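Novice: Mind having a look at this structure? Questions to follow.
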Ligand SMILES: Cc1ncc(C[n+]2csc(CCOP(=O)(O)OP(=O)(O)O)c2C)c(N)n1
Ligand SMILES: [Mg+2]
């Protein structure tokens, strides 16, 4: 449809919004994409007559995906946004009430991870002809509260469109925030259901194609000079690379900078993979789930350059990781809030711009040969530990979780993408996985949300058709949110799902034991005569469950079967699930132990010996905690 730039066009608010969204583009470095590439929806009375009608009227301009659950639709949108390097987002439309509040978890995840998603929850009547409408929350102290206010704290921009013409500034603000590299996250436009259906004479120019350029802010010269001085004088510098490197597309700049200066690069969960595992300066994961070599370098570094990291407690080992008496931290981050963390020298800029400027100003500076030798040896030692964890002494045995990763390691190439978010897998993957390409490692650990994996894989598959995309999930995670399997089937997407059955929350069970909570409520067992969950494992067949939702299911029992099943799944063009029961690992067949602490406070008093002992251990660790001032 051609757009007249003068005059007005009479459309409903919902029709105008859909038409506006179909004309938005994002561009960076000459790469231009549809900003809102598609819309996800679950319909109810709060959106079916407004947005629902508008979507069918504009079906040729706005692709539509049908989700099963609102939270999962946001996860799918986030997967898509991450895979497209934040150059493209999806919108998600919901009904009012429960459909809208189901968005909250997904919105928080998007905002925590700085990934753009446009939320369009229906809202109660703006005209309030007959309150309460079905599913409306009423509070006696305020007339303008709806459940959608829950989305305010988890959104980077929130507006409620109570009159048609307010859509114009709100929609423009929404696009601004979605394409702002520092501000982006969940953006919410709450749409009262009566307003959605209201007609208005829109200025035609509102519907013109609009390109939002994603900026690359340059560093401030003073901040740059201070950073160069700190790095130039460092004897044991370390780079900690976070997700911001990836969001900026700074991988090549970082690889060159590291190679030419010899500065080793450790990575957070979101940053893992920005250097391939065989880059000489890549020392792998850092922090609580870090490699021995990276954590040793962090403990002894005199200058730490954080690039695009939020410095979570997993990365800093809850404030215990940096052991140098006065380590200087330089934080290159497009978000000023993050750049100032750890009392750092801030370097507020786009990651790629910042690295290139640092590189130019540091000139031929290179760390000492003995330092290179030290971390190269450390990296080799860690490689040997990964090999040991992947070793299979008996092909006819049931695999441990790390052996499952080892088998997968032999099958993948740089095109494979692995998705995970919670359980014991993120730690194992962070420590062990040999990442072959910049977008292979997709672990969402900003919000670590069980149930992200399957819908996110769908979003990734929509953005990267033809790539082998693996959702790796524990049994607990599977039970949290399996239903988007139906969407993969509906969309004919060759989702590869691996379910690791270990009868409950192995990760939290282990943590529970370490903090004196005795694995209470973490195993999936039948209630026994003693009143506790101490009976046999729950009689679950998650493979049958996945099959009932339309997946082809493979059921390997031994490591040998597993090789065949994973190879079969990898080649498959239909959604395929590999359901495997894993063996409890011992110190040889499991992952290496944590190389750094994580602060989970333990009961200060207790009548139970396990908690008393755990508290003694806790008190010892706490003394190492420091505040960076
Ligand atoms: C939505 C959500 N609820 C709770 C948690 C806390 N949590 C983290 S891991 C975990 C257990 C995961 O179990 P499973 O997927 O079976 O993995 P395993 O620990 O057995 O490896 C829980 C409950 C979470 N991360 N996300
Ligand atoms: Mg489990």
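Novice: If I go through the range 399-415 residue by residue, how many of them are part of a loop (DSSP other than H, G, I, E, B) and under 23 Å from residue 558 (Cβ atoms)?
Specialist: The total comes to 2.
Novice: Taking the stated definitions as given, is residue 426 within 10 Å of ligand 1 (Cβ to nearest atom) and in contact (Cβ under 8 Å) with a residue 24 or more places away in the chain?
Specialist: On the way: within 10 Å of ligand 1 (Cβ to nearest atom): yes; in contact (Cβ under 8 Å) with a residue 24 or more places away in the chain: yes.
It is true that residue 426 is within 10 Å of ligand 1 (Cβ to nearest atom) and in contact (Cβ under 8 Å) with a residue 24 or more places away in the chain.
Novice: If only one of 563, 492 is assigned by TED's automatic domain parsing to the domain that holds residue 411, outside any strand (DSSP E or B), exposed (fewer than 15 other Cβ atoms within 10 Å of the Cβ) and at pLDDT 95 or above, which one is it?
Specialist: 492
Novice: Continuing with the same structure: Looking at the range 469-482, which of its residues are within 16 Å of ligand 1 (Cβ to nearest atom) and touching a helix residue (DSSP H, G or I) at 6+ places or on another chain (Cβ under 7 Å)? It would help to see each step written out before you state the result.
Specialist: First, the residues of the range 469-482 that are within 16 Å of ligand 1 (Cβ to nearest atom): 470-482.
Matches in the range 469-482: 471, 472, 473, 474, 475, 477, 478, 481, 482.
Novice: Another question, if that's okay. Is there a residue in the range 403-423 that is within 15 Å of ligand 1 (Cβ to nearest atom) and under 14 Å from residue 268 (Cα atoms)?
Specialist: Taking every residue of the range 403-423 in turn, at least one turns out to be within 15 Å of ligand 1 (Cβ to nearest atom) and under 14 Å from residue 268 (Cα atoms).
Novice: Being touching a residue at least 12 places away in the same chain (Cβ under 8 Å) and either touching a strand residue (DSSP E or B) at 6+ places or on another chain (Cβ under 8 Å) or under 26 Å from residue 298 (Cα atoms) (or both) narrows it down to one of 608, 560, 615, 627, so name that one.
Specialist: Selected residue: 627, the only one of 608, 560, 615, 627 that is touching a residue at least 12 places away in the same chain (Cβ under 8 Å) and either touching a strand residue (DSSP E or B) at 6+ places or on another chain (Cβ under 8 Å) or under 26 Å from residue 298 (Cα atoms) (or both).
Novice: So, in the range 490-499, of the ones that are touching a helix residue (DSSP H, G or I) at 6+ places or on another chain (Cβ under 6 Å) and within 20 Å of residue 561 (Cβ to Cβ), which residue ends up farthest from ligand 2 (Cβ to nearest atom)?
Specialist: 496
Novice: Name the residue, out of 387, 394, that is loosely packed, with under 14 Cβ neighbours inside 10 Å, under 29 Å from the mean Cα position of the chain (by Cα) and under 30 Å from residue 562 (Cβ atoms).
Specialist: Values: 394 fails: under 29 Å from the mean Cα position of the chain (by Cα).
Going through 387, 394 in turn, just one is loosely packed, with under 14 Cβ neighbours inside 10 Å, under 29 Å from the mean Cα position of the chain (by Cα) and under 30 Å from residue 562 (Cβ atoms): 387.
Novice: Which of the following residues is under 20 Å from residue 112 (Cβ atoms) and either surrounded by fewer than 24 Cβ atoms within 10 Å (Cβ to Cβ) or out of contact with any strand residue (DSSP E or B) (no Cβ under 6 Å at 6 or more places or on another chain) (or both): 288, 296?
Specialist: Answer to the check: 288.
Novice: Can you pull out every residue in the range 303-324 that is part of a loop (DSSP other than H, G, I, E, B) and closer than 23 Å to residue 619 by Cβ? Give the derivation first.
Specialist: Filtering the range 303-324 for residues part of a loop (DSSP other than H, G, I, E, B) gives 308-312, 317-324.
Within the range 303-324, 317, 318, 319, 320, 321, 322, 323 meet the criteria.
Novice: Related question: Out of the range 230-248, which residues are out of contact with any strand residue (DSSP E or B) (no Cβ under 8 Å at 6 or more places or on another chain) and either under 23 Å from residue 312 (Cβ atoms) or surrounded by 14 or more Cβ atoms within 10 Å (Cβ to Cβ) (or both)?
Specialist: 232, 243, 246, 247, 248, listed by residue number.
Novice: Look through the range 525-555, keep the residues that are surrounded by 17 or more Cβ atoms within 10 Å (Cβ to Cβ) and more than 27 Å from the chain's Cα centre (by Cα), and return whichever of them is farthest from ligand 1 (Cβ to nearest atom).
Specialist: Of all residues in the range 525-555, those surrounded by 17 or more Cβ atoms within 10 Å (Cβ to Cβ) come to 533, 542-543, 545-546, 549, 551, 553-554.
Going one step further and asking which of them are more than 27 Å from the chain's Cα centre (by Cα), we end up with 533, 554.
Details: 533: 14, 554: 19 Å.
Looking at the filtered set, the residue picked out is 554.
Novice: Moving on. Restricting attention to the range 442-489, which residues are buried (at least 24 other Cβ atoms within 10 Å of the Cβ), part of a loop (DSSP other than H, G, I, E, B) and away from ligand 2 (no atom under 16 Å from the Cβ)?
Specialist: Passing the criteria: 444, 445, 484.
Novice: State the number of residues belonging to the range 136-163 that are in contact (Cβ under 8 Å) with a residue 40 or more places away in the chain and surrounded by 19 or more Cβ atoms within 10 Å (Cβ to Cβ).
Specialist: 8
Novice: Kindly indicate whether residue 326 is out of contact with any helix residue (DSSP H, G or I) (no Cβ under 9 Å at 6 or more places or on another chain), surrounded by fewer than 24 Cβ atoms within 10 Å (Cβ to Cβ) and in contact (Cβ under 8 Å) with a residue 40 or more places away in the chain.
Specialist: On the way: out of contact with any helix residue (DSSP H, G or I) (no Cβ under 9 Å at 6 or more places or on another chain): yes; surrounded by fewer than 24 Cβ atoms within 10 Å (Cβ to Cβ): yes; in contact (Cβ under 8 Å) with a residue 40 or more places away in the chain: no.
It is false that residue 326 is out of contact with any helix residue (DSSP H, G or I) (no Cβ under 9 Å at 6 or more places or on another chain), surrounded by fewer than 24 Cβ atoms within 10 Å (Cβ to Cβ) and in contact (Cβ under 8 Å) with a residue 40 or more places away in the chain.
Novice: Could you figure out which of (1) in contact with a strand residue (DSSP E or B) (Cβ under 7 Å, 6 or more places away or on another chain); (2) over 24 Å from residue 93 (Cβ atoms) isn't true of residue 140?
Specialist: (1)
Novice: Picking from 521, 510, 504, which residue would you name as being within 16 Å of ligand 2 (Cβ to nearest atom), surrounded by fewer than 15 Cβ atoms within 10 Å (Cβ to Cβ) and within 30 Å of residue 565 (Cβ to Cβ)?
Specialist: Just a single option satisfies the conditions, and that option is 510.
Novice: For the range 251-277, enumerate the residues that are touching a residue at least 60 places away in the same chain (Cβ under 8 Å) and either under 15 Å from residue 372 (Cα atoms) or over 25 Å from the mean Cα position of the chain (by Cα) (or both).
Specialist: Correct list: 256, 257, 260, 261, 262, 263, 264.
Novice: Okay, next question. Which one is nearest to residue 401 (Cα to Cα) among residues in the range 502-524 that are more than 12 Å from ligand 1 (Cβ to nearest atom) and touching a helix residue (DSSP H, G or I) at 6+ places or on another chain (Cβ under 7 Å)?
Specialist: Among those that are more than 12 Å from ligand 1 (Cβ to nearest atom) and touching a helix residue (DSSP H, G or I) at 6+ places or on another chain (Cβ under 7 Å), it is 514.
The values are calculated or read from the model by the stated rules, or taken from the named source; none is laboratory data. Because the structure is a prediction, the values reported are computed rather than measured. Cβ sites come from the backbone with ideal geometry, for glycine too, and all protein chains shown count toward neighbours.
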